[in-house]
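Where a number appears in this text, it was derived from the coordinates with a stated rule and is not lab data. The structure presented is a predicted model; accordingly, all values stated were derived computationally and were not measured. Cβ sites come from the backbone with ideal geometry, for glycine too, and all protein chains shown count toward neighbours.
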Amino acid sequence: MVKEKHSARMERIVSLCKRRGFIFQSSEIYGGLNGFWDYGPLGVELKRNLKDFWWRRNVREREDMVGMDGSIIMNRRVWQASGHEETFSDPLVDCRVCNTRHRADQLPERDGKKYCSHCGSSNLTAPRAFNLMFKSHTGPLEDDDNLVYLRPETAQAMFVQFRNVLDTSRQKLPFGIAQIGKAFRNEINPRNYTFRSREFEQMEIEYFCHAEDGLRLTDEWLKERLKFYEDIGIPRSKITIKDIPESERAFYSKKTYDLEYEFPFGVSELEGIAYRTDYDLSRHIEHSGKPLEYFDEAAGRKIIPHVVEPSAGVDRTALALICEAFDEETVTGDKGQTETRTVLRFHPRMAPIKCGVFPLLKNKPDLVAKARGIAATLRPHMQIFYDETGAIGRRYRRQDEAGTPFCVTVDFDPLGENGPTHKETVTLRHRDAMTQERVPISELLPRLMAATL
Ligand SMILES: [Zn+2]
């Protein structure tokens with residue numbers, strides 16, 4: 001019952017995302033491609049706002065962080081050193097009855113026996129390891145010497161460039177490297193809309209430190225990251241912190257927290273914060289034979305830094321923002337009738353469009369010119385949507401569905417037709433409360449800037 005309600009909610013969210021241009025199926029006119037998605041005009045703005053704020057918070061506002069942008073295809077030896085070539089796999093089983101493929105760890109189990117989630121049969125093949133990395137080849141020869149992978153995570157570039165970044169940025173421990181970029185995993189069963197897809201974007205930090213600070217810094221990053229989610233409109237109460245027990249952690253990790261969000265399809269992981277000790281740098285020192293150590297001046301010797309890794313998904317967070325913002329409420333329309341208002345209550349900082357600008361009537365050249373002038377003044381500073389068609393109530397509703405926090409309507413007053421007191425003022429309408437106020441045109445830009453920064 002509850003589950004049904006949740007899946008109906010998810011269906012309405014998916015439908016809104018397509019209708020309003022947040023998310024489309026990749027290659028839709030050719031039937032799509034399972035596990036791949038395109039972001040439309042509103043979706044790309046949402047994602048960009050998310051990535052920009054993450055970058056600002058984690059790189060520009062911190063003295064101890066620098067950024068980098070690594071290539072997607074790297075030397076194959078990177079993935080041999082990291083262990084991905086050998087062990088980055090899921091257990092794959094086939095159902096002998098209906099011929100569907102499944103991840104063994106995702107199948108229902110009764111009395112120690114796994115069952116096909118499609119037909120219910122227990123006639124399954126033994127699980128075999130299926131490597132999740134997409135393969136390709138560099139150059140014209142498709143042989144083993146030219147085998148490359150599309151990176152399954154952005155993290156490795158930050159480890160293999162550790163020495164170059166250290167030497168050029170002149171950072172001292174503790175310091176971190178941040179990166180945002182695409183990663184690829186050939187998931188057996190992509191599912192839950194954009195949540196588990198085969199091409200996705202990550203926002204990752206590798207924070208290098210002394211061994212004795214690792215556990216403390218892991219807890220500091222946990223606090224930092226929880227604050228980030230609050231600052232983009234995902235309240236603390238909606239996030240579950242999972243302290244992963246030792247038996248489920250990677251053998252080299254001394255602490256791992258998963259941050260999970262309550263999606264309509266279930267509580268699922270948004271971000272992992274892992275204390276990875278000196279595992280990654282040690283592996284690359286061993287495999288490359290290059291000195292990736294750090295000279296610790298206080299101790300007068302070389303050490304291998306430890307690392308804390310907060311790793312978040314862009315697409316997952318964008319989906320959480322949409323799910324969190326989605327609301328339907330019953331309101332009274334212009335003519336006293338009740339209707340359902342669909343509204344995305346994005347934090348103004350994340351909203352794809354910050355402000356709609358409308359002339360009250362499109363056949364009054366004075367109003368149109370004034371409204372276009374206001375839109376042009378605001379546009380260099382934020383995403384604006386100018387709209388002059390339809391009744392004003394309809395235009396507000398369209399912006400509610402896009403999650404636009406503010407709308408400015410130019411009525412007759414800026415022209416002084418209602419007397420001098422209202423001259424050079426407009427109506428500013430607030431999305432959530434649907435209240436309106438008169439605001440001098442000269443105050444619009446500073447007010448909107450402050451609210452959406
Ligand atoms: Zn089956």
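See the values below:
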item	result
The chain: calculated mean residue ellipticity at 222 nm from DSSP helix runs of at least 4, using -39500 (n - 2.57)	-9000 deg cm²/dmol
Cα shape, segment 89-131, gyration tensor, a/c 1.5 rule	oblate
Cysteines without a disulfide-compatible neighbour (Cβ-Cβ under 4.7 Å), the chain	17, 209, 323, 355, 407
Over segment 17-68, equivalent-ellipsoid semi-axes from the Cα gyration tensor in Å	32, 13, 6
Taking N as its residue count, the alpha carbon Rg of segment 234-279 over 2.2 N^0.38 Å	1.28
FRET efficiency estimate (nearest 0.05) - Cβ-Cβ, residue 216 to residue 327, R0 56 angstrom	0.90
Cβ-placed point charges (K, R +1; D, E -1), dipole of the chain about Cα centre in debye, nearest 20	1040 debye
Computed P(r) (all Cα pairs; the chain; 20 Å bins; percent)	20, 47, 27, 6, 0
Gained length - residue 372 relative to residue 412, 0.36 nm times residue gap less alpha-carbon distance	12.9 nm
Separation of the residue 6 and residue 141 label points, Cα + 7 Å toward Cβ, nm	5.3 nm
Förster radius 45 Å - calculated FRET efficiency between residue 231 and residue 106, Cβ distance, rounded to 0.05	0.85
Listed residues 158, 211, 340: farthest to the positive end of the dipole of the chain (Cβ charges)	340
Sequence of 111, 167 once ranked by neighbouring C-beta atoms within 10 Å, starting from the fewest	111, 167
Given charges at Cβ of Lys, Arg, Asp, Glu: segment 89-131 dipole, positive-most of 118, 106, 130	118
Alpha-carbon centroids, segment 158-219 and segment 289-360: separation in whole Å	17 Å
Sites residue 243 and residue 189 - FRET efficiency at Förster radius 30 Å, r taken between beta-carbons, to 0.05	0.60
